[in-house]
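Derivation of every value follows stated rules applied to the coordinates shown; laboratory data play no part. All values reported here derive from a predicted model rather than from experimental measurement. Note that we place each Cβ from the backbone using ideal geometry, even for glycine, and neighbour counts take in every protein chain shown.
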Amino acid sequence: MTKIIVDGNEIDVPAEYTLLQACEQAGAEIPRFCYHERLSIAGNCRMCLVEVKGGPPKPVASCAMGVRDLRPGPNGEPPVVFTKSDMVKKARHGVMEFLLINHPLDCPICDQGGECDLQDQAMAFGVDSSRYAENKRAVEDKYIGPLVRTSMNRCIHCTRCVRFTAEVAGTGDMGAIGRGEDMEITTYLETAMGSELQGNVADLCPVGALLPKPYSFKARSWELTKTRSIDVMDALGSAIRVDTRGREVMRILPRINDAVNEEWISDKTRQIVDGLKARRLDRPYLREAGKLRPASWPEAFAAIKTKVQSTRPERIGAIAGDLCAVEEMYALKLLMEKLGVVSIDCRQDGAKLDPRFGRASYIFNPTVAGIEDADAIIIVGSNPRRESPVFNARIRKRWLRGSLYLGGIGEKADLTYDYNYLGAGPETLARLSEFLPENCERPILLIGQGALTRPDGASVLALAAKTALSLGFIKDGWNGFGVLHTAAARVGGLDLGLVPQSGGLDALAMAQPGALDVVFNLGADEIDIAPGAFVIYQGTHGDRGAARADVILPGATYTERSGTFVNTEGRVQWAERANFPPGDAREDWAILRALSAALDAKLPFDSLQALRARLYEAYPHFQKIDAIAAGDGATLKKLAATDASTTAAPFVSPITDFFMTNPIARASAVMAECSALARARQTSLQAAE
């Protein structure tokens with residue numbers, strides 16, 4: 001630690017701190033535009049100037065000068081820094097005056113109004129007049145894709161967007177052309193950005209030059225109600241904020257959570273807002289003579305009761321979808337137990353994961369933050385860039401630091417970082433010892449759903465566990481065996497034991513012709529149930545599940561209910577309700593409670609609080625929000641001892657279209673445009689090759 005005096009306050013800070021970080025630790029407010037904690041230092045806005053006693057006879061950029069670069073006083077006194085001296089104030093006034101020379105007076109019509117760094121800092125650190133009367137510079141707006149709108153007259157060349165696409169996203173989509181006054185920020189030939197994280201540049205922009213295009217001119221920040229929630233577009237569980245006006249969701253923004261998503265979210269997370277209200281189910285429906293007709297709740301419940309009571313329990317099954325919260329899955333499990341049903345499953349994609357092998361067999365044991373401690377990562381049957389872009393950015397962050405061995409088994413893909421392609425299928429996994437470097441202290445074996453949803457997925461999982469145990473991926477103080485999920489509900493469902501009981505069928509078996517007579521479908525839209533069974537669909541959108549249903553019960557989306565989710569690393573997370581479901585739609589746990597009474601199998605709760613009380617009593621770890629109930633690596637020995645006979649088929653990622661993975665995304669016009677652009681880009685690349 002190094003002693004330093006900031007505005008008369010003596011503090012101890014690490015020598016590797018910048019002056020900006022040291023001053024902020026001392027409680028001083030340092031303005032900045034180009035500096036960002038998660039990006040490299042550019043030092044080009046000069047707004048963070050401070051005065052260093054005994055230093056150069058001019059202000060210094062605090063973001064670009066380190067504490068270790070300061071000289072002590074003549075008698076060994078700690079270095080002294082001033083952040084409020086007359087020199088500093090005059091320098092900041094000058095910098096702000098220069099920034100505003102060409103900045104247009106767009107504040108009344110700018111979407112950044114009310115949350116603009118330039119507005120705030122001009123008021124706090126600027127002056128009330130300008131000495132410049134020349135015409136302002138004009139810059140043409142650029143097309144950079146369907147998600148980000150440009151107003152380049154406002155750009156102050158902070159280069160945050162350029163550094164983000166180069167360092168975090170890894171695509172290098174944005175750059176600068178020209179020099180001096182003619183410098184402009186743009187993409188190559190004004191093409192659309194290709195990153196799945198591109199929407200974050202609008203959050204990073206300190207002025208109104210880059211803005212979310214779908215949200216343009218929709219609302220002002222002070223009109224919105226802010227609600228903390230959790231993203232369900234993938235299994236990472238990114239921390240988000242849902243902004244609503246009245247009953248309508250207006251936008252979704254990231255929240256800072258260093259342990260999970262830092263402060264980034266994917267484009268799908270951010271821009272599925274229009275999909276939350278399009279193609280919505282807002283009343284019950286019954287199928288008569290092959291066609292669905294609107295019905296009342298009593299009519300729908302009566303039809304279900306007639307069918308269920310005339311069917312033996314062994315001919316009834318239930319499937320839980322990928323966007324379900326823990327509460328409704330628990331209610332579904334209790335209802336099926338009361339009906340004597342043993343065919344129940346939360347794995348609609350057919351993943352061969354089983355809670356009987358312990359929690360360590362189906363969570364990402366190293367944790368997301370633990371990726372930064374790894375010295376080797378082997379990716380098996382996964383494309384993290386498609387399956388969880390923010391998770392992929394965390395791997396890239398570790399790769400940028402160097403001294404990391406990265407290997408891939410499965411599809412060859414552009415993951416935004418270099419890796420050693422080892423092979424395509426299970427035979428390469430069995431020979432992993434030939435590729436893994438020696439003396440790896442903290443290796444990670446990442447198993448994706450492309451390896452687990454195959455017919456031999458259970459054998460691949462057993463082989464992976466055996467490999468991890470034999471090669472030192474699991475040792476005292478470190479468990480490097482990790483499963484990357486694609487469904488937000490999957491770990492929570494496995495924690496609840498939502499898998500077939502003795503004699504029951506799994507999801508894929510339930511969907512086969514003649515397998516069952518009645519199927520309860522709780523939001524499972526990624527599975528095709530064969531004709532013949534009577535399907536009760538409880539969901540939110542007119543998607544695949546509703547098209548196959550005989551009875552539709554309209555439910556609530558993740559923004560319209562309060563729920564618990566468990567992410568891929570086993571972290572229990574809490575999502576608050578931001579708005580209310582449309583029409584006659586209701587929260588899923590309430591629908592199941594009302595249905596249980598109609599089926600003469602009344603569930604033992606009348607409120608969400610009572611449901612959670614029973615849930616916490618049966619599964620105590622669900623009440624420990626933001627905590628991870630770690631899996632026991634020793635239990636993987638039982639998994640490793642099972643049959644590991646695999647086929648030679650190569651691993652293939654289950655996600656082919658990142659923008660179309662669930663009913664909310666498929667209802668979004670913005671996601672449809674992004675999907676079309678992604679397909680066109682992929683086709684043109686193949687043609688060029």
Task: Greater than 23 Å apart at Cα, pairs in Lys466/Lys624; Lys142/Lys412; Lys218/Lys397; Lys218/Lys277; Lys333/Lys637; Lys213/Lys412 - done: Lys466/Lys624; Lys142/Lys412; Lys218/Lys397; Lys333/Lys637; Lys213/Lys412
TODO: Could you pull out every one of the aspartates and glutamates with an alpha carbon less than 15 Å from that of Lys291, ignoring same-chain neighbours closer than 8 positions?
DONE: Asp550
Task: Residues whose placed amide H lies under 5 Å from that of Val139, excluding near-sequence neighbours - done: Asn153
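At most 10 other C-beta atoms within 10 Å and a DSSP loop state: those are the exposed trypsin sites (Lys or Arg not before Pro) I care about. Give me the longest piece of the chain that has none.
The answer is 413-689.
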TODO: Would you please give the residues with an amide H less than 5 Å from that of Ala376, counting only those at least 5 places away or on a separate chain, with H modeled from the backbone geometry?
DONE: Tyr405, Arg442, Ile444
Task: Whole-Hz ³J(HN,Hα) from phi, Karplus 6.51 cos²θ - 1.76 cosθ + 1.60, for region 618-631, glycine and proline x - done: 7, 9, x, 5, 5, 8, 8, 5, 6, 10, 10, 7, 5, x
- [ ] Show which lysines lie in cross-link reach of Lys338 when reach means a straight Cα distance below 21 angstrom and same-chain residues fewer than eight apart are skipped.
- [x] Lys305, Lys307, Lys602
Task: Loop-located chymotrypsin sites (Phe, Trp or Tyr not before Pro) in region 185-258 whose Cβ has at most 10 other Cβ within 10 Å (DSSP) - done: Phe217
Task: Set of lysines with alpha-carbon distance to Lys3 below 21 Å, sequence-local pairs under 8 removed - done: Lys53, Lys84
TODO: Quick one: which residues, 5 or more positions from Val535 or on another chain, have an amide H under 5 Å from its amide H? H modelled 1.01 Å from N in the peptide plane, none for Pro or chain starts.
DONE: Val519, Asp550, Val551
Task: In sequence order, calculated HN-Hα J values of region 421-431 (Karplus, 6.51, -1.76, 1.60; Hz; x Gly/Pro) - done: 7, 9, x, 10, x, x, 5, 6, 4, 5, 9
Open item on the list: For region 489-540, I need the span (max minus min coordinate) of the C-alpha atoms along each principal axis, in Å, sorted largest to smallest.
Closed with: 31, 31, 14
Open item on the list: Using only the alpha-carbon atoms, how far is helix 326-339 inclined from the longest principal axis of the chain? Give it as 0 to 90 degrees, nearest 10.
Closed with: 10 degrees
Task: J(HN,Hα) series, region 644-654, from Karplus relation 6.51 cos²θ - 1.76 cosθ + 1.60, nearest Hz, glycine and proline x - done: 10, 7, 10, 8, 8, 4, x, 6, 9, 4, x
- [ ] Let me have the 222 nm mean residue ellipticity of the chain computed from DSSP H runs of 4+ only, each contributing -39500 (n - 2.57), with the sum over all residues rounded to the nearest 500.
- [x] -7000 deg cm²/dmol
Task: Label selected from (1) 89, 59, 55; (2) 94, 59, 42; (3) 97, 63, 61, the criterion being Cα extents along the principal axes in Å as computed here - done: (1)
TODO: Project the alpha carbons of region 596-689 onto their principal axes and report the range along each, largest first, in whole Å.
DONE: 61, 44, 33
Open item on the list: So if I take the centroid of the Cα atoms in region 434-504 and the same for region 512-582, what is the distance between those two points in Å?
Closed with: 26 Å
